[in-house]
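Written below as structure tokens is the structure these notes are about.
The values are calculated or read from the model by the stated rules, or taken from the named source; none is laboratory data. This structure is a prediction, so every number in the text was calculated from the model and none was measured. Every residue, glycine as well, gets a Cβ built from its backbone with ideal geometry; the counts of neighbours run over all protein chains shown. What goes into the accessible areas is simple: the full protein's heavy atoms, side chains included, and nothing from ligands, DNA or RNA. Shrake-Rupley method; radii C 1.70, N 1.55, O 1.52, S 1.80 Å.
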Amino acid sequence: VPNMHGGYCLYNGGFTAAVVCLLMVPELERFVKTKDEKKATATHISENSIAVTCDFFGNGGYSVLTNHSLIFFDKKDELISEFYLGNIVPNKCFILEDKVVLAYNKNIIGSQTEMKVFSDKGKELFTSELEDKILDSAYNGNDLYLLLDTNKVVKIDLTNKKSPIFTEVDKGTNSIYLADEENLIAGYSNMARAYKLDEMFTQKKEENKK
């Protein structure tokens, strides 16, 4: 500063500092929040929680799964509800267009899976049980498709509490993907195969009715 003002540091140095503050302070006030402002805009995730996954709903709200709870927010970051996990240890969490599916081991050895289905408001809709582990998933509208480790694909209607519909796929299937509303792609280590959804599950519905 003295070099810039010919050695007159007392007056001109202070003037330069004032100009810098005049330019910088408004920007700092805009981006750097005070403690009170941070508290006012803070989310409801506690400091001891660790976020595991997060995704948005179609209405602009979102859900956050932490190591302690499943939390639901609206599009204005306001807390809607919170589901405390307790002894539940999730192994899969699907945050969909307007629902959340939380899957976890029902027993100690992990041979059975239980799923809770929530609305985007955090309301628990129903609970469903599976006897096998989940490897992969695909979603379309209100239908959730799960690939199990027993070479089965299960179709779950998320709009009601109907029993899941199971169908078998070729041995070695390690992933599934919905190409469109009519076709499901099953992936293998070196190939893929397309299945017609109607052919996979319509026959199973008729067998269940019998």
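Would you be able to say whether some residue in region 117-129 is open to solvent by 70 Å² or more (accessible area, probe 1.4 Å) and more than 19 Å from L65 (Cβ to Cβ)?
Applying the first criterion (open to solvent by 70 Å² or more (accessible area, probe 1.4 Å)) to region 117-129 yields 121, 123-124, 129.
Those still in the list that are more than 19 Å from L65 (Cβ to Cβ) too: 129.
For region 117-129, residues open to solvent by 70 Å² or more (accessible area, probe 1.4 Å) and more than 19 Å from L65 (Cβ to Cβ): present.
Scan region 75-96 residue by residue and report those that are under 24 Å from D143 (Cα atoms) and either surrounded by 15 or more Cβ atoms within 10 Å (Cβ to Cβ) or over 13 Å from the mean Cα position of the chain (by Cα) (or both). Give the derivation first.
Filtering region 75-96 down to residues under 24 Å from D143 (Cα atoms) leaves 83, 90-96.
Within region 75-96, F83, P90, K92, C93, F94, I95, L96 qualify.
Return the residues of region 147-191 that are touching a Lys or Arg at 6+ places or on another chain (Cβ under 8 Å), open to solvent by 80 Å² or more (accessible area, probe 1.4 Å) and not in a strand (DSSP E or B); say none if nothing qualifies.
Scanning region 147-191 gives a single hit, E182.
Please work out which one of (1) surrounded by 15 or more Cβ atoms within 10 Å (Cβ to Cβ); (2) in a loop (DSSP other than H, G, I, E, B) is the condition L144 fails and give its number.
If we test L144 against (1) surrounded by 15 or more Cβ atoms within 10 Å (Cβ to Cβ); (2) in a loop (DSSP other than H, G, I, E, B), just (2) comes out false.
Mind checking whether some residue in region 37-47 is outside any helix (DSSP H, G or I), of a type in the set (V, I, T), at pLDDT 80 or above and within 30 Å of P90 (Cα to Cα)? Steps first, please.
Applying the first criterion (outside any helix (DSSP H, G or I)) to region 37-47 yields 42-47.
Going one step further and asking which of them are of a type in the set (V, I, T), we end up with 43, 45.
Narrowing the set further to residues that are at pLDDT 80 or above leaves none.
Checked region 37-47: no residue is outside any helix (DSSP H, G or I), of a type in the set (V, I, T), at pLDDT 80 or above and within 30 Å of P90 (Cα to Cα).
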